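Inspection log for the structure reproduced underneath, given as structure tokens.
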Amino acid sequence: MSDKVSGFFKRLFGTEPVPSPAPPETRPDAPIQPIPPVPETVPPAPEPVETPDLPPPGPPETTPDYVEEIEERALEIQNSVPIIPAPTTAEMPRQSWFSRLTTGLKRSSDNLTTSITSVFTKRKLDGATLDELEDVLIQADLGLETAMAITETLRRDRFDREVSDSDVRSVLAAEVEKVLGPVARPLTVDTTKTPFIILMIGVNGSGKTTTIGKLAQKFAGEGKSVMLAAGDTFRAAAIEQLQVWGQRTGAPVVSRPAGADASGLAFDAVTQAKAEGRDVLIIDTAGRLQNRDELMDELEKVIRVIKKVEPSAPHATLLTLDATTGQNALKQVEIFGKRAGVTGLVMTKLDGTARGGILVAIAKKFGLPVHFIGVGEGVEDLEPFAARDFAKAIAGQD
Ligand SMILES: Nc1nc2c(ncn2[C@@H]2O[C@H](COP(=O)(O)OP(=O)(O)O)[C@@H](O)[C@H]2O)c(=O)[nH]1
Ligand SMILES: [Mg+2]
């Protein structure tokens with residue numbers, strides 16, 4: 001990743017991405033990477049864009065308008081930069097999955113555990129300590145209910161006794177696991193459907209296209225024949241980005257020129273995938289903000305058209321959520337759920353965010369399956385979601 005893009009990422013998300021694997025030219029064994037060059041027209045770093053991490057945590061209803069404006073602006077800027085998918089990490093030595101998750105969630109867990117330590121250094125558990133702890137947990141985006149469940153467990157079992165921060169972290173891990181256990185469900189491809197049609201939705205920059213590339217790789221690795229549909233017809237760069245993933249994973253990409261009607265493209269793709277007897281078709285969509293009615297209408301139209309060709313489809317409607325977004329993610333799940341019928345979630349960018357706790361609040365509130373989490377930009381950086389690993393990582397347990 002160029003310094004320009006990396007710096008840009010940092011400004012946008014307030015965090016560095018996990019270092020990309022070595023560039024292709026240092027790996028002679030790697031396949032040729034048809035990466036589009038970043039044109040000179042890349043806009044200068046946007047000064048007014050502050051990190052979207054800034055808004056104070058609080059229930060989603062109280063999210064002030066300016067938050068959405070900042071996010072919208074940030075996403076617009078991001079989308080004006082052609083996105084270059086990172087090279088495959090297939091041949092690179094890799095950290096274990098758990099250690100990558102722990103590293104990724106370090107900022108989330110550091111925030112939490114430092115606060116917990118400061119609350120619980122050699123103190124008896126009294127009402128004031130429990131209140132302080134509850135605040136810490138709420139600030140970590142875990143949600144009010146989970147925060148209260150944790151403090152209640154401690155009150156019940158340990159009140160008036162001395163507690164250490166590691167006791168508290170164990171309770172934290174156990175409660176988080178309790179919430180996440182029921183939603184950690186794999187994405188099952190129904191093989192009686194040919195094709196099994198997956199619709200990928202979410203706000204701009206949340207990781208739809210990248211996740212499609214990673215999923216295509218997974219399915220291809222399982223011997224499935226995959227087709228992709230470049231349903232983000234708004235931007236030429238988005239179509240190219242999916243084509244790059246198609247080449248990388250060997251999946252043909254159905255596309256139309258930029259500006260074409262997205263539902264027409266979806267129609268073509270479903271028809272073609274059916275005719276060819278493909279196992280899986282994954283349809284990309286243009287990023288949209290959940291508060292833009294007309295764009296949501298268009299998404300509904302895409303779904304209607306898909307159903308015209310295949311009434312049982314889409315068989316999975318996956319919402320990608322950017323972990324760095326924080327509380328706004330709750331709103332996204334709510335609105336996309338209402339308008340498009342979300343069947344499962346993929347949380348991306350869990351590498352290096354301080355706001356990973358939001359997944360707990362989302363699980364508690366919606367109970368939607370969480371199929372995968374993204375922990376980097378590479379093709380291998382998508383993992384089935386495992387509740388215990390996540391709980392341990394966020395509580396800072398080894
Ligand atoms: N660090 C990190 N970056 C990611 C992850 N998933 C996606 N990205 C990056 O986020 C940016 C936006 O992703 P993209 O797939 O284009 O989002 P889309 O607009 O929803 O299609 C790209 O630069 C991706 O490389 C992830 O799990 N971790
Ligand atoms: Mg995209």
> Going by the structure shown, is S118 part of a helix (DSSP H, G or I), touching an Asp or Glu at 6+ places or on another chain (Cβ under 9 Å) and not assigned by TED's automatic domain parsing to the domain that holds I373?
Replying inline: yes
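Here is a yes/no grid of residues against (1) within 15 Å of D261 (Cα to Cα); (2) away from ligand 2 (no atom under 16 Å from the Cβ):
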site	(1), (2)
T285	yes, no
L289	no, no
L295	yes, no
K308	no, yes
L321	no, no
> In region 166-206, which residue that is among the aliphatic types (A, V, I, L, M) and more than 19 Å from the chain's Cα centre (by Cα) is surrounded by the most Cβ atoms within 10 Å (Cβ to Cβ)?
Replying inline: L172
> Being more than 16 Å from ligand 1 (Cβ to nearest atom) and of a type outside the set (D, E), is that true of even one residue in region 204-218?
Replying inline: no
>> Quick test of your reading of the structure: I358 fulfils all but one of (1) β-branched (V, I, T); (2) more than 13 Å from ligand 1 (Cβ to nearest atom); (3) more than 25 Å from L137 (Cβ to Cβ). Name the failing condition by number.
In response: (3)
> Cβ-Cβ below 8 Å, separation at least six or inter-chain, first residue in region 311-324 and modelled with pLDDT under 95, second surrounded by fewer than 24 Cβ atoms within 10 Å (Cβ to Cβ): which pairs?
Replying inline: T324/F13; T324/G14; T324/T15; T324/P52; T324/D53
> Just one of the numbered conditions (1) more than 30 Å from L112 (Cα to Cα); (2) modelled with pLDDT under 95; (3) of a type in the set (S, T, Y) is not true of S170; which one?
Replying inline: (1)
>> Go through (1) part of a loop (DSSP other than H, G, I, E, B); (2) among the basic types (K, R); (3) more than 15 Å from ligand 1 (Cβ to nearest atom) for K338 and report which single condition fails.
In response: (1)
>> Need the failing condition index for F390 against (1) of a type outside the set (V, I, T); (2) assigned to a strand (DSSP E or B); (3) within 23 Å of E134 (Cβ to Cβ), just the number.
In response: (2)
> Out of (1) under 28 Å from G378 (Cβ atoms); (2) more than 12 Å from ligand 1 (Cβ to nearest atom), the odd one out for R288 is which?
Replying inline: (2)
> Here is a list of conditions, (1) within 20 Å of the chain's Cα centre (by Cα); (2) more than 13 Å from ligand 1 (Cβ to nearest atom), and P252 meets all of them except one; can you say which number that is?
Replying inline: (1)
> surrounded by fewer than 19 Cβ atoms within 10 Å (Cβ to Cβ) and within 11 Å of ligand 2 (Cβ to nearest atom) - does that describe any residue in region 215-233?
Replying inline: no
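So, A273, is that one at pLDDT 95 or above and closer than 20 Å to G213 by Cβ or not?
yes
The values are calculated or read from the model by the stated rules, or taken from the named source; none is laboratory data. If you're wondering where the values come from, they're calculated on a predicted model, not measured in any experiment. Positions of Cβ are backbone-derived with ideal geometry, glycine not excepted, and every protein chain shown enters the neighbour counts.
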